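K.L.:
Encoded as structure tokens, here's the structure I'll be asking about.
None of the figures in this text is laboratory data; all of them are computed from the coordinates on show. The model shown is predicted, which means the values in this text are computed figures rather than measured ones. Every residue, glycine among them, receives a Cβ derived from its backbone with ideal geometry; neighbour counts consider all protein chains shown.
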Amino acid sequence: MNELMLLAENFKVSVLAGVNLGWQGIGGIILFLTGIGLIYFGIKALKGYRFFPEQEYNIPEEDHYEPTQAKALQKIKTTMPDFNGGEDRVFTEWKIGYTIDGEKYTQIVTDNGYEKGDMIDIKYNPANPQEFYLDDEKSKVEVTEEEKEAEEKEEKTPFGYAAIAIGVLLGVFVVVMLIDKL
């Protein structure tokens with residue numbers, strides 16, 4: 001019986017029998033594949049592919065909101081301490097009021113240079129007049145095509161180049177690691 005146990009110990013077979021990769025080789029292959037993936041995604045990013053959908057504005061696609069005007073009623077200033085040790089920060093907002101079907105509503109909006117009594121164009125949801133958005137000229141931000149293109153280029157360029165550079169470095173590291181193993 002002892003002889004059989006000794007024979008069994010001599011014939012243990014490894015899962016990677018015949019493959020002399022070791023942990024260094026397996027790690028190298030994983031890093032190499034990761035590097036190729038990074039190069040692939042970097043090239044896609046440089047060609048303009050967006051990995052995350054573009055953020056949309058808070059305006060419904062089918063604009064069934066009704067236009068009306070609200071009146072700037074009261075300027076509200078809120079002072080908040082600056083936790084970095086600087087001066088207190090002052091945030092300015094406006095309380096606006098509007099009437100829908102005889103019912104009065106008030107909302108708080110950011111200050112876009114309004115004065116007390118200014119009439120502000122808004123659009124409200126007829127099903128729920130509390131839901132609204134500003135539709136006046138002061139709240140609209142015009143973005144030119146050149147600004148959009150410059151912003152898109154800024155977004156994709158650093159990620160693309162960084163991904164390609166890291167991918168190439170991983171590839172070089174793996175080749176050096178595997179050559180060193182031989």
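K.L.:
Give me the number: length gained by fully extending Ile29 to Val175, i.e. 0.36 nm times residue separation minus the C-alpha to C-alpha distance, one decimal in nm.
P.N.:
51.6 nm
K.L.:
What list of ³J(HN,Hα) couplings, whole Hz, do you get for segment 92-106 from phi and the Karplus terms 6.51, -1.76, 1.60, once you set θ to phi - 60° and write x for glycine and proline?
P.N.:
Couplings: 10, 9, 10, 8, 10, x, 8, 10, 10, 6, x, 9, 8, 10, 10 Hz.
K.L.:
Can you order the peptides 26-33, 78-85 by their average number of other Cβ atoms within 10 Å per residue, highest first?
P.N.:
The packing order, highest mean first, is 26-33, 78-85.
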